[in-house]
1. Using the Kirkwood radius built from alpha carbon pairs, what does the Stokes-Einstein equation give as D for region 188-253 at 20 °C and 1.002 mPa s, in µm² per second?
2. Just check region 164-216 against the gyration tensor rule for me: Cα atoms, a ≥ b ≥ c as the square roots of the eigenvalues, rounded for a/c under 1.5, and otherwise prolate or oblate depending on whether a/b exceeds b/c.
3. Using amide H atoms built 1.01 Å from N in the peptide plane, name the residues 5+ places from Lys156, or on other chains, whose amide H lies under 5 Å from its own.
4. For the chain, what is the mean residue ellipticity at 222 nm derived from helices alone (per DSSP H run of n ≥ 4: -39500 (n - 2.57); sum divided by total residues; nearest 500 deg cm²/dmol)?
5. Give me the percent relative contact order of the chain, please, defined on Cα pairs under 8 angstrom at least 6 residues apart.
6. Set the Förster distance to 56 Å, then compute FRET efficiency between Ile319 and Lys238 from the Cβ-Cβ distance, nearest 0.05.
7. Once you list every other residue whose beta carbon is under 11 Å from the beta carbon of Asn147, what net charge do they have if Lys and Arg are +1 and Asp and Glu are -1?
8. Around Asn311, which amide H atoms from residues at least 5 apart in sequence, or from another chain, sit under 5 Å from its own amide H, with H modelled in the peptide plane?
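Just so it is clear, none of the values below were taken in a lab; they were calculated from the coordinates. Since the structure is predicted, the reported quantities are computational estimates derived from the model, not experimental observations. Counting neighbours? That spans all protein chains shown, and the Cβs are built from the backbone with ideal geometry, glycine included.
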Amino acid sequence: MSQNKRVVKAAIATAGVCGMLALSACGAAKTGQSDQAGESGKTVKLTVPSWVGAQANVAVAQNLLENELGYKVKTQQMGEVLAWDALAKGNLDAIMEDWGHPAQEKKYIDDKKAVVKGGDLGVTGHIGWFVPKYFADKHPDVKDFRNLNKYADQLKTSESDGKGQILEGSPDYVTNDAALIKNHKLNFKPVYAGSEAAQITEIKKNVKEKKPFLTYWWTPQWLNNDIELTEVKLPEYKDGCDKDTKKITCGYPKTPLQKFLNADFAKDGGKAAQFLKNFKWTTEQQNEVAKMIAGEKMSPEAAAEKWVKENPDTWKQWIPKG
């Protein structure tokens with residue numbers, strides 16, 4: 001989820017969410033294997049990032065590839081940058097949700113020609129800093145980052161060393177928060193929950209107890225339908241403002257999330273490759289499946305099966321003709 005820097009960094013939090021959200025139900029693939037997808041190989045290898053929205057993409061794609069197109073799908077949970085490396089080597093066939101990795105795009109698309117663009121996912125991602133609405137309603141000026149130091153004492157925890165805490169997800173997420181705090185002289189410290197699932201648990205606990213908190217967070221995210229969060233306005237993002245991550249002072253961009261395919265798979269992957277290029281849905285549809293998985297504790301397979309059964313008019317457009 002990197003968004004040029006998603007919340008979520010390359011190696012994005014695989015462990016915690018895997019257990020909590022039953023990622024293993026998607027089926028673990030063995031990296032390094034080279035079953036070539038296509039009309040002969042009939043095996044498609046997909047990466048499953050650790051955040052549940054991306055898991056929803058893979059679960060639905062796996063259901064349709066297997067049940068409508070007759071492929072076998074192998075999945076592997078790995079970090080975002082590692083996934084790019086595996087994709088270029090052919091150990092993966094596709095990344096279905098990428099939040100922006102300019103360095104990897106230049107290396108593997110422009111220079112090595114090992115990866116190609118797979119098109120828009122149809123979902124726009126955004127990372128930012130958020131507080132609960134009940135806290136923003138009581139202290140409206142907290143919605144401007146320049147006023148955060150006023151509330152550092154109220155936002156400190158036992159883990160933030162006397163400073164205000166900004167709750168983070170995984171330490172593997174790509175985040176600019178440490179630089180933003182330093183460069184804006186904010187009396188805050190990033191504290192990592194360890195994974196998306198652990199971060200959600202902490203947010204829910206704070207909301208239940210009506211405690212104030214500041215968190216690094218993103219959209220789309222199914223929890224946003226259940227909990228009211230208010231974004232803290234950071235300096236406006238402008239192209240190139242995050243080029244030097246040590247000097248960064250701007251907030252995060254809004255990023256149309258992208259798909260990427262291994263170049264050989266894109267050329268020789270037959271209907272599977274075309275299907276993945278065609279796969280495009282809305283934020284609301286992704287959140288619907290994600291909430292079934294994380295909120296309702298359904299297995300990814302069951303959530304995907306339910307969504308596929310109820311939305312044929314959407315997914316039938318993704319199935320290659322002929």
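1. Value of D from the Cα-based Kirkwood radius: 154 µm²/s.
2. Note, shape of region 164-216 comes out oblate.
3. The answer is Gln165.
4. Mean residue ellipticity, 222 nm, calculated: -8500 deg cm²/dmol.
5. 29
6. Given R0 = 56 Å and the Cβ-Cβ separation, E is 0.90.
7. Net of charged neighbours comes to +2.
8. Counting only residues 5 or more places away or on other chains, the set is empty.
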